[in-house]
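All remarks here apply to the structure that follows.
The values are calculated or read from the model by the stated rules, or taken from the named source; none is laboratory data. These numbers come from a predicted model, not from an experiment. Virtual Cβ from ideal backbone geometry, glycine too; neighbours counted across all protein chains shown.
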Amino acid sequence: MNFSKSFRNTFLVILLSLIVSACATKKTTTKVEGQMQGDVYTGTDTVKYLADGVPDRVFFATNESILTTKSRDTLRKQANWLRENSSINVVVEGHADERGTREYNLALGERRANAAKDYLITYGISADRISVISYGKERPVDSGSNPLSWSKNRRSVTVKAN
Amino acid sequence: MIRIINLFFIIFFLLSSKAYSLIEIDITRGNLDPLPIAVSPLFQDDNSKRNSINELKIENVGSEISLVVENNLKISGLFNPLSKDAFLQKPDIAHLKPRFEDWALIKAQALITGKVTIENKKLKVEFRLWDILAGREMMALAFTTVPSNWRRVGHIISDKVYERLTGEKGYFDTRIIYVSEEGPKTARVKKLAIMDQDGFNTKYLTLGNELVLTPRFNPTSQMVTYLSYFKNLPRVYLLDIETGTQEVVGDFPGMTFAPRFSPDGKKIIMSFAKDGNSDIYTMDLENRIVERITNHPSIDTSPSYSPDNRFITFNSDRSGYQQIYVMKSDGSNVKRISFGKGLYGTPVWSPRGDLIAFTKLHKGKFYIGVMRTDGSGERLLTENYYQEAPSWSPNGRVLIFYRETKSNDKGEGFSAKLWSIDLTGYNERQVQTETDASDPSWSSLLSN
């Protein structure tokens, strides 16, 4: 019941926004919506690549360290690439957004980095090839103070260690 | 018999001080009516002025000291220092015997007078505190130190005056250690910095080559524990402020962070994160024995001891979200104490033992608040876009914390500053720092 209600509300919002955007000339807000699902970043503009077609980072919801379907897909690509390049070790950096206390965010970053590391291990990468480091909220990639910027900062990034 | 006589004297003293002391300040309530006080410049004769210029490159160190006192009393929010332009009596004459009518005329209720001399590389200071309405001296003190200590002299006078008029220890002869911040948000350079409580005498203790966070004093304020990313390994370090010696605390196979000293200074309590789980540990600084205090798959961090060493408060997300807990210092009897709406973090036990200060996040706003140690009586002192990490003044009357401003989409407009607020929720003010600043920690009273 609640679900269908919220679904209907969402539908109404979409309908309204379509009408609004049709009236006003196209606003960037619709583009912003397109870069987030829930509050997980789904865009690409801060993403770098370990190799062709292998993105270096995955994104998290607020206060979460659960890997999304898209994140798991990215990490499988990283695992495949690491299997083919067995001489390369990596560091997984865990990060949080600026909307949390510093110490808790350090722990959260560590939890996120380990979520990514564990997934790589599941796909056959040896644990001693992967180290982790948490930067908490100390190294944002986007310096804005808005939900989209924060979503880009809630991330774990796999970087080459050697 | 002697005992009875002693008792008699004590009672007499109590009665008499109660009967004649017209001025006293109640600091337990928000003080909206600060006490009018006249701080007369400390008198200095011409010979001493010449020595003052030679020693300190300051012409009249007596007036400078009185300015330090005046500023301290003003920022406490409990005093209203009167303009010196209105003073009718000269400093040297006032110090001998004030004409109370003159000071009453300008509405002063208390008066500070004093005298300084610099001779043979020694700074001698005497000062008196006068009750104008009762027409009598309340306190007289004298001390000698090296001339370069003149600002501390001002702080010590402030503490004595504060203590005499409020009945509680002051907090002016103290220092703040904090993290100095510079550069863009995405590449912030952070250094450990230390300064006097009033923002003077800033010294930088690290160069900014590696990220440093969360410095905290030990009980004697000679050592600092903090988090450093030296060689990209986030670890808890120990720094001796005088010698500059640094050492890593323990050899943990993962990140150690959120350090604090135990109130007896013998242990460091901190979080250790490994395999995605953060728990609380202590390390004995003498024998280096490490003890695990919590063992839970949630994030347990930001631990802080009660002043009697018997309890620890910390935050944990074991309930699903970040909340505040209290346990015995051996890790037993874990009890959640925060039950309000929102997330709670950074609990810090008050030096008086009765309260825990915290950061609260609710509906996109950050609050600094206090609650009793059983979680009752929650009181939010200040609301803002972002603020956290309160640290108590040594007398438990004031909290210092840091506040960040919102940046626009280009990342402009960001700043981080130190702020202080009284436990009453009044007297909120920015603490001056040379650069942007965060993670403040208040020292103990340096002189006693």
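Annotations for the structure displayed:
- Of the helices (runs of 4 or more DSSP H) that lie entirely inside region A:45-162, those containing 1 or more residues that are away from every other protein chain (no Cβ under 11 Å) and among the acidic types (Asp, Glu) span A:69-84.
- Among (1) touching an Asp or Glu at 6+ places or on another chain (Cβ under 6 Å); (2) closer than 17 Å to residue B:67 by Cα - the single one residue B:113 does not satisfy: (1)
- The criterion of at least 3 residues that are over 18 Å from residue B:139 (Cβ atoms) is met, among helices (runs of 4 or more DSSP H) falling completely within region B:48-113, by B:61-75, B:100-105.
- Filter result for the condition that a residue is in contact (Cβ under 8 Å) with a residue 24 or more places away in the chain and surrounded by fewer than 20 Cβ atoms within 10 Å (Cβ to Cβ), over B:230, B:200, B:217: B:200
- Verdict on residue B:420 being within 14 Å of chain A (Cβ to nearest Cβ) and under 27 Å from residue B:226 (Cβ atoms): no
Listed here are the residues, each with its yes/no results for (1) closer than 13 Å to residue B:279 by Cα; (2) away from chain A (no Cβ under 14 Å).
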| site | (1), (2) |
| --- | --- |
| B:298 | yes, no |
| B:302 | yes, no |
| B:309 | no, yes |
| B:316 | yes, no |
| B:327 | no, yes |
| B:335 | no, yes |
| B:342 | no, no |
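- Applying the set (1) without any contact (Cβ under 8 Å) to a residue 60 or more places away in the chain; (2) away from every other protein chain (no Cβ under 14 Å); (3) touching a Leu at 6+ places or on another chain (Cβ under 8 Å); (4) surrounded by fewer than 21 Cβ atoms within 10 Å (Cβ to Cβ) to residue B:399 leaves exactly one unmet item: (4).
- Qualifying residue in region B:373-389 (condition: within 14 Å of chain A (Cβ to nearest Cβ), in a loop (DSSP other than H, G, I, E, B) and at pLDDT 95 or above): yes
- Note on region B:214-288: enclosed strands (runs of 3 or more DSSP E) holding 2 or more residues that are within 14 Å of another protein chain (Cβ to nearest Cβ) are B:223-228, B:235-240, B:255-261, B:267-274, B:277-284.
- Residues within region B:406-427 that are touching a residue at least 40 places away in the same chain (Cβ under 8 Å) and either in a loop (DSSP other than H, G, I, E, B) or out of contact with any Ser or Thr (no Cβ under 9 Å at 6 or more places or on another chain) (or both), tallied: 8
- Restricting attention to region B:231-274, the residues being of a type outside the set (Asp, Glu) and under 26 Å from residue B:350 (Cα atoms) number 22.
- Among the residues of region B:192-212, those that are part of a strand (DSSP E or B) and closer than 30 Å to residue B:159 by Cα comprise B:192, B:193, B:194, B:195, B:196, B:203, B:204.
- Set A:87, A:143, A:134: member being in contact with a Phe, Trp or Tyr (Cβ under 8 Å, 6 or more places away or on another chain) and polar (S, T, N, Q): A:143
- The condition of being closer than 16 Å to residue B:392 by Cα, in a loop (DSSP other than H, G, I, E, B) and touching a strand residue (DSSP E or B) at 6+ places or on another chain (Cβ under 8 Å) holds for only one of B:307, B:303, that being B:307.
- Where a residue in region B:87-102 is β-branched (Val, Ile, Thr) and its partner, wherever it lies, is surrounded by fewer than 16 Cβ atoms within 10 Å (Cβ to Cβ) and part of a loop (DSSP other than H, G, I, E, B), with Cβ under 9 Å and at least six apart: B:93/B:99
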